[in-house]
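Only one structure is covered here, and it is reproduced in the block below.
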Amino acid sequence: MNKKKPIYAHIPVEQLLPIEAMAELQRLAEKISTHDEHYYKNDAPVISDQEYDALWRRNEEIEAVFPELMRTDSPSKRVGASVIQGFSKITHSRPMLSLDNAFNESDVIGFLDRIRRFLQLDNYEKIEVLAEPKVDGLSIALSYRNGKLIYGATRGDGSIGEDVTANIKTIHNIPHQLPSTAPESIEIRGEVFMAKEDFLNLNRRQEVRGEKVFANPRNAAAGSLRQLDSSITAARPLKFFGYAWGASSSSLGDTVSDVRSKFKHWGFELNEPARLCSDVSEIIQYYTEISKGRAALKFDVDGAVYKVSRLDWQERLGAGTRAPRWAIAHKFPAEQAETQIQTITIQVGRTGTLTPVANLTPVTVGGVVVSRATLHNEDEIARKDLREDDWVLIQRAGDVIPQVVEAHSDRRLNHSKPFVFPEYCPECGSPATRAEGESAWRCTGGLICPAQVVEGLKHFVSREAFDIEGLGTKHVIAFHEDGLIKTVVDIFQLSKKRDLILAREGWQEKSTDNLLLAIEARRDIDFSRLIYSLGIHKVGQATAKQIAQHYVKFETFLNTIELAGIPGPSVFEDLINIDGIGPSVVADVHNFFSVPHNIDVIKALSRELRVRPYREEVVSGSGAAGKTIVFTGLLETVGRREAKARAEMLGAKVSGVVSSQTDILIAGSGAGSKLKKAQDLGVKVMSEADWLEFIKLRS
Ligand code: AMP
Ligand code: ZN
């Protein structure tokens, strides 16, 4: 082991003999790799940047003079090795290919026929294949030199993968050292995966900590391996199966089984059970057994892989551009499974939508452990008559969220009752409502519901709402997370928490005071902006403006609500008479103000503000101010939406219907029934050009 190698480091490049150059390239590759490890993995470089650069330069110079001696693991092939962000790249010694797929017996027969023809084998000659489980993880190449693990790379695009060496080294069942019987240089390939049980435990831990929960073991494995911080990978229960290889400096035997037994001897775990099959019926027998025994396997499989057993034949068969000719993957079909609904719970979305979710007895479907399935909405549950404790058929196609196909009503218990959709939000206890014509129930506790508070805060500080300079989405979320802002009212109490803001990272005296000043400036707010900022479902800027216009003063609005106590639907009935506000909007407004907590928050908020009555918003001097106008027909200069916005900015009220209240109808080309109605009612009619002139003159 300690055999001393001669060093040619002092010999100028031009004077190197090829054999010396070869030795130098090996030394440099190893040295650079070691220093990369110190630098990237341990974050502790042991040489200066200049020394490191010098090694690189010498390597490049030698390669320039002896291009034919360039090593497969040459540092220069690792594009961007000095980039810390992201992974550096590794070129595979041989491309890491995909596999062709078979979905049925005749595909398998076709596979064997093609091989027979390609190799021109007689009919009596048996083609033995090794059948193995197709492991559902991600493929990895491990490079060993003189028995030592040098690097590990992902498949990447097949020819260039990512250098995940530091992460690979944290996987317990990957040997760092092979016995001396192993080839001097070999690339071992196989699958990094997460066992089913480990996956479930990891997800449980992640959930408790409020961290990302993975959809399936493969995603968990991939996400864990592709971490820039290898200490995260180390904490994840990853494993490796060896089942293939890239370049090797010496022969590995005559058959796939020979190689597998070598792998095992060297300390690798294998994907079992594997079986040597000598004809189609044996292959199908294996496939049937593995698909039946799939649930009992400790790891996810998504099919079986059949590989021509004789390595000399593999060699002759070679590969196409995408896949080798000597192997095929027999994939399992999209899977269904039976399980039981334990409970049906309600999830509250960020905007208040209530989604029913079936909590299932965990079961593997198509290689994924499923414990929850969305039930979409009330009608869907009713249509399928899904109930708690029901046995159900669930299905998963690809990576899609699992669905409940049907309930086995024959297996239903006597006391079983149809599911009743709750009328209260499980997160905040506020009443839930379902508007006519909509499929979803929603929580009405917009200002207090913990599920909605973040969205609500984001909306509150958005540009069209309070638009507080220096308090964007990012800060409002951070402040909320740290308890500085619980409801929108707290924004206006931040001046009392100046010290707490100052103590935060990135906040200096100046930025803190600027923020507090910006908040002060927003205490004066337009009535309509305030209404819009509340984030009432369906109440956009236009509706907010109409409400403000209707009540003029915020106090009037509040009093109306207060007088009614918890307002009955009639309180807002007069809103229906406003053009453009339909019954469903009124219902949403009503629902919102029926929640006492929402009113508490609004009252507290109004104590912090000086709300400007509606009139002040009007741009004075415009002839359009206060006019009720209707657009019809095709406008030439601007879109309908912009025309409307512009008119509103000038204080006009834009309506969709012509009535005796209408002051002006602006008729574009092709105007029809509205124009006629306006003429009948004697409403003033303008062309688009007239209108533009009119607002120009008067504004
Ligand atoms: P596909 O994912 O459909 O492109 O199939 C090819 C992949 O199957 C390979 O890249 C491997 O990651 C994976 N695989 C899983 N188990 C095996 C196995 N036993 N032999 C070969 N490849 C496998
Ligand atoms: Zn709620």
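Some points to look at:
- Total residues in segment 242-264, condition away from ligand 1 (no atom under 16 Å from the Cβ) and among the aliphatic types (A, V, I, L, M): 1
- Of the residues making up segment 149-182, those that are at pLDDT 90 or above, over 24 Å from D229 (Cβ atoms) and out of contact with any helix residue (DSSP H, G or I) (no Cβ under 7 Å at 6 or more places or on another chain) number 3.
Rundown of residues vs (1) in a helix (DSSP H, G or I); (2) of a type outside the set (F, W, Y); (3) modelled with pLDDT under 85, yes/no style:
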{"residue": "E197", "(1), (2), (3)": "yes, yes, no"}
{"residue": "R205", "(1), (2), (3)": "yes, yes, yes"}
{"residue": "E211", "(1), (2), (3)": "no, yes, yes"}
{"residue": "T233", "(1), (2), (3)": "yes, yes, no"}
{"residue": "R236", "(1), (2), (3)": "no, yes, no"}
{"residue": "A244", "(1), (2), (3)": "no, yes, no"}
{"residue": "A247", "(1), (2), (3)": "no, yes, no"}
{"residue": "L252", "(1), (2), (3)": "no, yes, no"}
{"residue": "H265", "(1), (2), (3)": "yes, yes, no"}
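- Selection from segment 106-133 of residues that are in a loop (DSSP other than H, G, I, E, B) and touching a residue at least 40 places away in the same chain (Cβ under 8 Å): K126, I127, E128
- Any hit, segment 267-288, residues being out of contact with any Phe, Trp or Tyr (no Cβ under 9 Å at 6 or more places or on another chain), acidic (D, E) and within 18 Å of A102 (Cα to Cα): yes
- When E105, E63, E125, E132 are checked against the criterion of being of a type outside the set (V, I, T) and within 16 Å of ligand 1 (Cβ to nearest atom), E132 stands alone in meeting it.
- Conditions (1) within 22 Å of H376 (Cβ to Cβ); (2) away from ligand 2 (no atom under 16 Å from the Cβ); (3) among the β-branched types (V, I, T); number of the one not met by T433: (2)
- Annotation for segment 332-346: no member residue is within 16 Å of ligand 1 (Cβ to nearest atom) and assigned to a strand (DSSP E or B).
- Here segment 408-429 is the region considered, the condition is being under 29 Å from A451 (Cβ atoms) and in contact (Cβ under 8 Å) with a residue 40 or more places away in the chain, and the residue that is surrounded by the most Cβ atoms within 10 Å (Cβ to Cβ) is C425.
- Taken together, the residues in segment 360-383 that are part of a strand (DSSP E or B), at pLDDT 85 or above, among the polar types (S, T, N, Q) and surrounded by 15 or more Cβ atoms within 10 Å (Cβ to Cβ) amount to 1.
- Positions within segment 91-102 being closer than 20 Å to I188 by Cβ and within 16 Å of ligand 1 (Cβ to nearest atom), in sequence order: H92, S93, R94, P95, M96, L97, S98, L99
- Pair list, Cβ under 7 Å, 6 or more apart: segment 297-318 residue on the phi < 0 side of the Ramachandran plot, other residue part of a helix (DSSP H, G or I) and of a type in the set (G, A, S): S309/S257
- The residues of segment 163-181 that are in a loop (DSSP other than H, G, I, E, B) and more than 28 Å from D136 (Cβ to Cβ), listed by number, are P179, S180, T181.
- The conditions of being in contact with a strand residue (DSSP E or B) (Cβ under 8 Å, 6 or more places away or on another chain), within 16 Å of ligand 2 (Cβ to nearest atom), of a type in the set (A, V, I, L, M) and not assigned by TED's automatic domain parsing to the domain that holds N598 are not met by L375.
- If only residues of segment 666-678 that are in contact with a strand residue (DSSP E or B) (Cβ under 7 Å, 6 or more places away or on another chain) and not β-branched (V, I, T) are counted, the one that is farthest from T632 (Cα to Cα) is A678.
- Within segment 141-158, the set of residues being in a loop (DSSP other than H, G, I, E, B) and more than 18 Å from S180 (Cα to Cα) comprises R155, G156, D157, G158.
- Residues located in segment 74-105, provided they are in a helix (DSSP H, G or I) and at pLDDT 70 or above: P75, S76, E105
- Verdict on L447 being within 16 Å of ligand 2 (Cβ to nearest atom), in contact with a helix residue (DSSP H, G or I) (Cβ under 7 Å, 6 or more places away or on another chain) and at pLDDT below 85: yes
- Any hit, segment 455-473, residues being more than 16 Å from ligand 2 (Cβ to nearest atom) and polar (S, T, N, Q): yes
- Among the residues of segment 259-271, the one identified as charged (D, E, K, R) and loosely packed, with under 14 Cβ neighbours inside 10 Å is K264.
The values are calculated or read from the model by the stated rules, or taken from the named source; none is laboratory data. Being a predicted model, the structure only gives us computed values, none of them experimental. Glycine also receives a Cβ, built like all others from the backbone with ideal geometry; neighbour counts cover every protein chain displayed.
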